[in-house]
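FYI, it's all coordinate maths here, none of it is from the lab. Model, not experiment: these values are computed from the prediction. So basically every Cβ, Gly included, is an ideal-geometry build from the backbone, and we count neighbours across all protein chains shown.
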Amino acid sequence: MRQSQLFTKTRREAPKDEVSKNAQLLIRAGYIHKEMAGVYSYLPLGLRVLKNIERIIREEMNAIGGQEIQMATLHPSEVWKQTGGWDGVDVLFKIQSRTEKEYALGQSEEEIVTPIAQEYALSYKELPLAIYQIGQKYRDELRAKSGIMRGREFGMKDMYSFHESQEDFERFYEVAKEAYLKVFSRAGLDAKVTEASGGAFTTKLSYEFMVLTDAGEDDIVYCDMCTHCANTEVAEAESGGTCPKCGEGTLAKARAAEVGNVFDLGRKYPEAFGYTYKDKDDKDQTPIMGCYGIGTTRLMGAIVEVLSDEKGIIWPESVAPFAVHLVALNAESAELRDYADTIYSGLCERGIEVLYDDRSLRAGEKFADSDLIGIPYRVVVSEKTKEQNTFEVVKRRTGEVTYHSEEELYASLPPAGGPESSLSGTEQTATI
């Protein structure tokens, strides 16, 4: 894409009404546009990042047997009243139509997915079953804050599983947990699995996936020697104490942001809808249900909070909007522009996605924009590179500078999405 044709522009100053780093940088770099508190539109660069995050999630969910669907966002009030959520969920957006019928905007999908499963999974032979979607959610937050990390409208991947037994749910939870950790690792983050209360969804213990950042809303304690981690609300020991899991490590306290969660829903929703299946003895049984969420827009915000510096955003290769930022200096020169166009075409022909800065601006302005936007590799085209056929490549994450000939340049740069995934694509590669 030519940057001269990108309708968005960078901003030198952060919006005065935004205090979170993620919102400040994403707005300044032209990734998002604020509509009101807790509601943002995703612009061309932002949407490309979001789609890359969704691609990673989709690949990992398909790999463990998840089946993707798209569920309704506008819900009939009857299903929420049937589960007690109509009056029991305080963040639920409620709408009354001109026909005096009442509806809810989906803040989760248990009330929709359970009747769907009830219609099709009627025998133990159809269980276990895992259904997921990636879409928009709505919550009537009294105080939307933290930029795109806590909003009134946001993106989410939510998966729901149905099982014959508690043991089978716990088996699948371990499978899903590993898939979640792969998602966060591929997105450039180190997530910790923490224990927490179930909140509005269940009285059972739930598991949250936390990323250490000062922008988080939770306090956790974690072991410096093993994987133990817990929300301070349910922690067995305090910071500075000995780890209750391994007995050797020391617990440290940190601020963290939740980027995913798992809830053991038990039989709450199947019982509310009278959902039963036939077991091996042809007797009616009620399935166990699990819920698994990843906030897609929240994850995007967490990446910016953790992976940024004083100059701007530092996108991991896996989610960056483009792999390469091609910066042409002295672009008003027809001869230099033709040369830069040739390099741009060469990169595109080799499947390397490029944002091509062909604007007539000073070098300092272009470099500042490049650092702010945060694309992993910057390639500079100038009179000097034209004469010497040597290109300067700057790695945004480390600042490392290398020099390459034209052919070396093409061979050294990754395609969009970073290194090849271990998965072949979005086809299901395993069964639940």
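Given a Förster distance of 25 angstrom, what is the FRET efficiency for Lys145 paired with Glu13, based on the Cβ-Cβ distance and rounded to 0.05? Walk me through the numbers on the way to the answer.
Working: r = 21 Å, r/R0 = 0.83.
Calculated value: 0.75.
Add +1 for every Lys or Arg and -1 for every Asp or Glu among the other residues with Cβ under 12 Å from the Cβ of Glu18, and state the total. Numbers along the way, then the final one.
Values: positive: Arg11, Lys16, Lys21, Arg28, Lys34, Lys145; negative: Glu13, Asp17.
Residues near Glu18 contribute +4 overall.
Along the stretch 154-164, what does the Karplus equation 6.51 cos²θ - 1.76 cosθ + 1.60 (θ = phi - 60°) give for ³J(HN,Hα), rounded to whole Hz, x for Gly and Pro?
7, x, 8, 9, 10, 10, 10, 10, 10, 9, 6
With the cut-off at 1.5 for a/c, could you classify the stretch 10-309 from its C-alpha gyration tensor as rounded, prolate or oblate? Intermediate values should be presented prior to the final figure.
Values: a/c = 1.79, a/b = 1.19, b/c = 1.50.
Taking the square roots of the gyration eigenvalues as a ≥ b ≥ c, the stretch 10-309 is oblate.
Starting from 0.36 nm per residue, how many nanometres of slack lie between Leu47 and Arg337 once their C-alpha separation is accounted for?
Full extension from Leu47 to Arg337 adds 101.5 nm.
State which entries of Lys177/Lys268; Lys16/Lys94; Lys145/Lys245; Lys137/Lys283; Lys51/Lys182; Lys81/Lys283 exceed 27 angstrom in Cα-Cα distance in the structure shown. The partial results should precede the final answer.
Details: Lys177/Lys268 22 Å; Lys16/Lys94 32 Å; Lys145/Lys245 35 Å; Lys137/Lys283 37 Å; Lys51/Lys182 17 Å; Lys81/Lys283 29 Å.
Violating the 27 Å limit, Cα to Cα: Lys16/Lys94; Lys145/Lys245; Lys137/Lys283; Lys81/Lys283.
Treating the angle as unsigned and between 0 and 90°, give the value, to the nearest 10°, between the Cα long axis of helix 296-306 and the longest Cα principal axis of the chain.
The angle comes out near 50 degrees.
Taking all pairs of distinct Cα atoms, average 1/r, flip it, and tell me the Kirkwood hydrodynamic radius of the stretch 1-61 in Å to one decimal place.
Numbers: mean 1/r = 0.0784 Å⁻¹.
Roughly 12.8 Å, rounded to one decimal.
Report, by chain and number, residues whose modeled amide H sits under 5 Å from the one on Gly266, excluding near sequence neighbours (fewer than 5 apart, same chain).
Met289
How high is the FRET efficiency between Arg362 and Val175 when r is their beta carbon distance and R₀ equals 30 Å, given to the nearest 0.05? Present the calculation step by step, with values, prior to reporting the outcome.
Working: r = 53 Å, r/R0 = 1.78.
Computed FRET efficiency for Arg362 and Val175: 0.05.
Report the local net charge at Val89: Lys and Arg +1, Asp and Glu -1, summed over other residues whose C-beta lies under 12 Å from its C-beta.
Values: positive: Lys81, Lys94, Arg139; negative: Asp87, Asp90, Glu110, Glu111, Asp140.
So the environment of Val89 carries a net charge of -2.
From the Cα gyration tensor of the stretch 324-412, with a ≥ b ≥ c the square roots of its eigenvalues, which class applies: rounded if a/c is under 1.5, or else prolate if a/b is larger than b/c, or else oblate?
Rounded is the answer for the stretch 324-412, as its axis ratio a/c remains below 1.5.
Pick out, in residue order, every one of the GluC sites (Glu not before Pro) in the stretch 32-110 that is DSSP loop and has at most 10 other C-beta atoms within 10 Å; say none if there are none.
Details: sites: Glu35, Glu54, Glu59, Glu60, Glu68, Glu78, Glu100, Glu102, Glu109, Glu110; in loops: Glu100, Glu109.
Hits after loop and neighbour filter: Glu100.
Stretched out fully, how many nm does the piece from Ser405 to Arg267 gain, at 0.36 nm a residue minus the Cα gap? Don't skip to the answer; put the middle values down first.
Values: separation 138, 0.36 × 138 = 49.68 nm, distance 6.29 nm.
Result: 43.4 nm gained on full extension.
Work out, step by step, the length gained on full extension between Thr250 and Gln388: first 0.36 nm times the residue separation, then minus their alpha carbon distance; give nm to one decimal. Present the calculation step by step, with values, prior to reporting the outcome.
Values: separation 138, 0.36 × 138 = 49.68 nm, distance 5.59 nm.
Contour length minus Cα-Cα distance gives 44.1 nm.
Using r as the Cβ-Cβ distance of Ile95 and Gln70, and R0 as 25 Å, what FRET efficiency do you calculate, to the nearest 0.05? Before the final figure, lay out each step's value.
Working: r = 20 Å, r/R0 = 0.81.
So the FRET efficiency works out to roughly 0.80.
Give the shape of the stretch 203-308 as rounded, prolate or oblate, defined through the alpha-carbon gyration tensor: a ≥ b ≥ c are the square roots of its eigenvalues, a/c under 1.5 means rounded, and otherwise the shape is prolate if a/b is larger than b/c and oblate if not. Before the final figure, lay out the partial values.
Values: a/c = 3.35, a/b = 1.75, b/c = 1.92.
Cα axes put the stretch 203-308 in the oblate bin.
Working from Cα positions, state the angle (0 to 90°, nearest 10) between the long axis of helix 166-186 and the longest principal axis of the chain.
Tilt relative to the chain: about 10 degrees.
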